[in-house]
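Okay, structure first, notes after.
The values are calculated or read from the model by the stated rules, or taken from the named source; none is laboratory data. Since the structure is predicted, the reported quantities are computational estimates derived from the model, not experimental observations. Please note: Cβ atoms are built from the backbone with ideal geometry, for glycine as well, and neighbour counts cover all protein chains shown.
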Amino acid sequence: MILLDIQNVTKRFGGLTAVDSVNLSIEKGQIFGLIGPNGSGKSTLFNCITGVYQPTSGKVMFQDQEITGLKPWDIAKMHIARTFQLVKPFGTKTVLYNVMVGSFARTTSPAKARDVAIEVLERLHLADKKDILAKNLTIADRKRLELARALATKPKLLLLDEVMAGLRPTEVEEMLDILRGLRDGGMTIFVIEHIMRAIMSISDRVLAINFGKWIAEGTPAEVANDEMVIKAYLGDDYVIT
């Protein structure tokens, strides 16, 4: 079953085309990776999906329903959640408070919101830090907090924008285990990541873009060995002919 279907999505900013006629389909229960050099349009595509930007043209379909151009809060109500590259928690509030903000997407009851937040924090091994101010967390724990806020909205589709950036190797492995657990629990995950070892080890399929354009899609092995992908990341000198 196709959960997310992106059809010829283009986003222009004046004379700059940031996303150029991108097509992709993500099946329910997949981890789908999105790679590309810095500035290739990855986060812009996420913004088009989640309502931060309205596409210049094309369609975004979720569960066979068009969501193109809907507001972010309406898209969140449809069980789509995301994280951001730059983690910006409510620094002067506790970890628990931050996650409860996400919980209120599904309930108006403070007690129920707290229960959901505690459950998510336990899953991400943050429950023992629930009373710590967010500004006092390490980078790794801030990344987990960002993920926790998204999970508290109970998404069916989770978009992760460089959730492993800045983490040490052991912390990357811990995050990969968390994501595998979410996938095994039935969640669909669309992930942007620059740590190639990580994204290639966890993704069922991968799409590579450059200058906003599709350049390759397939299994991690197929994409990693694609000539156009190697050129985009390393240059012509690294292509084996």
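Might you let me know whether region 7-25 holds any residue that is touching a strand residue (DSSP E or B) at 6+ places or on another chain (Cβ under 7 Å), touching a residue at least 24 places away in the same chain (Cβ under 8 Å) and closer than 26 Å to Ser103 by Cα? No, region 7-25 has no match at all.
Every condition in (1) over 24 Å from Asp141 (Cα atoms); (2) surrounded by 15 or more Cβ atoms within 10 Å (Cβ to Cβ) is met by Gly39 except one, and the failing one is (2). Regarding region 129-144, can at least one residue be identified that is at pLDDT below 95, of a type in the set (A, V, I, L, M), under 21 Å from Ile195 (Cα atoms) and under 15 Å from the mean Cα position of the chain (by Cα)? No, there is no match, as no residue in region 129-144 is at pLDDT below 95, of a type in the set (A, V, I, L, M), under 21 Å from Ile195 (Cα atoms) and under 15 Å from the mean Cα position of the chain (by Cα).
Looking at the structure I just gave you, is Phe104 surrounded by 15 or more Cβ atoms within 10 Å (Cβ to Cβ), of a type in the set (A, V, I, L, M, F, W, C) and within 30 Å of Lys231 (Cβ to Cβ)? Spell out how you get there, then give the answer.
On the way: surrounded by 15 or more Cβ atoms within 10 Å (Cβ to Cβ): yes; of a type in the set (A, V, I, L, M, F, W, C): yes; within 30 Å of Lys231 (Cβ to Cβ): no.
Here the answer is no, as Phe104 does not meet what is asked.
Taking region 149-241 and the strands (runs of 3 or more DSSP E) fully enclosed by it, the elements with 1 or more residues that are farther than 30 Å from Pro110 by Cβ are at 188-192, 205-210, 213-218.
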